[in-house]
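See below for the structure under consideration.
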Amino acid sequence: MTLYRRLLAFAALLALGVVALGAWVRLSDAGLGCPDWPGCYGQWVGVPDHAADAAKAWKEMVHRYFAGTLGLAIFALCLLAWRQRPRTAPLLPSVLAGIVVCQALLGMWTVTLLLKPLVVSAHLLGGMTTLALLVWLNLRERATSAPPAAGSLKALGILALGLVVAQIALGGWVSSNYAALACSDFPACQGQWLPAMDFAQAFTLHRELGQTASGALLTTEALTAIHWSHRLGALLVAAAVGGLGIALARLPGWRNWGTLLLALLALQIGLGIANVLLALPLPLAVAHNAVAALLLTAMLAVNFRLWGPAVAYGKAGIVASTPLHSAPG
């Protein structure tokens, strides 16, 4: 069991690194650094001298090596789960193994379909889902007691988590469509609160990069709609996560969690604004993706503790926990 827990912790940290590396590759336009998959110019190890852009090819291959290592770690977790039957049971590790296979396919299609926005966004969400499930498994293995919280905070926690997930999806759509600088000013967009926007073309999913469904060039109005929607989502996330953070910061035993949520939220908003005003510098853009992953992780941990295990007391006063929720918090 110790090996299982250690591997879980390693895989979760590695998943966070893979998410950040994926953002680094995407934002530095290195997604097609290797025109083939899984090798690079037909070479499985390293990058050949005749690569069109060796620097971008190396970025892509480093990401693939880390993602491949994560996949192997997850398959090992799945095997251990079925052999040892730990507290969490083998269902989620098995789901994770399936997601790894899907992620490999999406990684291949990202290259072969030439950065199609739907595929790139799905690949990002798959990475975030992998991280989320690994975090959830770690929480279940290390469950500790948590102070009681009002039912209204539980509902707010679920709402805030859902909004964070939706905002991550919107952020992925912004990035995969290169719409991050469609609004280069803040808080207005192109000097207006409601600039001209084309939502129909913006959120048509089945199309090529930079094109409408009919093959015409994607308009500025469509890119503006994508960016503006992400800003609107940020307002909703700020209200929900901020409200939850403030409420938790006032409760005994929850103050640190509330402070963590507020700190991550403030950092993420600050990075978002800085990326617009500074024209998307690569370190800040990658940090914006990484902090989104950390905020998702924190929201999962808070919801786990808010909802926690359902603890029932037997007639003899012995505490009994359900199999899926084995410890308070």
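The values are calculated or read from the model by the stated rules, or taken from the named source; none is laboratory data. Please read all numbers here as calculations on a predicted model, not as lab measurements. Quick reminder, even Gly has a Cβ in these numbers, built from the backbone with ideal geometry, and neighbours come from all protein chains shown.
Computed quantities for the displayed model
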quantity	calculated
First in the range 120-148 and modelled with pLDDT of 95 or more, second anywhere and among the polar types (S, T, N, Q), Cβ under 6 Å, 6 or more apart	VAL120/THR110; VAL120/SER176; SER121/SER176; HIS123/THR110; GLY126/GLN103; VAL135/THR297
Any chance ALA160 is touching a helix residue (DSSP H, G or I) at 6+ places or on another chain (Cβ under 7 Å), in contact (Cβ under 8 Å) with a residue 40 or more places away in the chain, assigned to a loop (DSSP other than H, G, I, E, B) and surrounded by 17 or more Cβ atoms within 10 Å (Cβ to Cβ)	no
Residues of the range 138-154 satisfying the condition of being surrounded by fewer than 12 Cβ atoms within 10 Å (Cβ to Cβ) and either among the small types (Gly, Ala, Ser) or in a helix (DSSP H, G or I) (or both)	ALA150, GLY151, SER152
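Listed here are the residues, each with its yes/no results for (1) more than 25 Å from the chain's Cα centre (by Cα); (2) assigned by TED's automatic domain parsing to the domain that holds LEU124; (3) within 23 Å of ASN289 (Cα to Cα); (4) in a helix (DSSP H, G or I).
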site: ALA200; (1), (2), (3), (4): yes, no, no, yes
site: LEU209; (1), (2), (3), (4): no, no, yes, no
site: SER229; (1), (2), (3), (4): no, no, yes, yes
site: LEU235; (1), (2), (3), (4): no, no, yes, yes
site: GLY242; (1), (2), (3), (4): no, no, yes, yes
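Results for (1) assigned to a helix (DSSP H, G or I); (2) closer than 26 Å to TYR178 by Cα; (3) within 25 Å of the chain's Cα centre (by Cα), shown as yes or no for each residue.
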position	(1), (2), (3)
ALA11	yes, no, yes
GLY17	yes, yes, yes
TRP24	yes, yes, yes
VAL47	no, no, no
ALA51	no, yes, no
LEU77	yes, no, yes
TRP82	yes, no, no
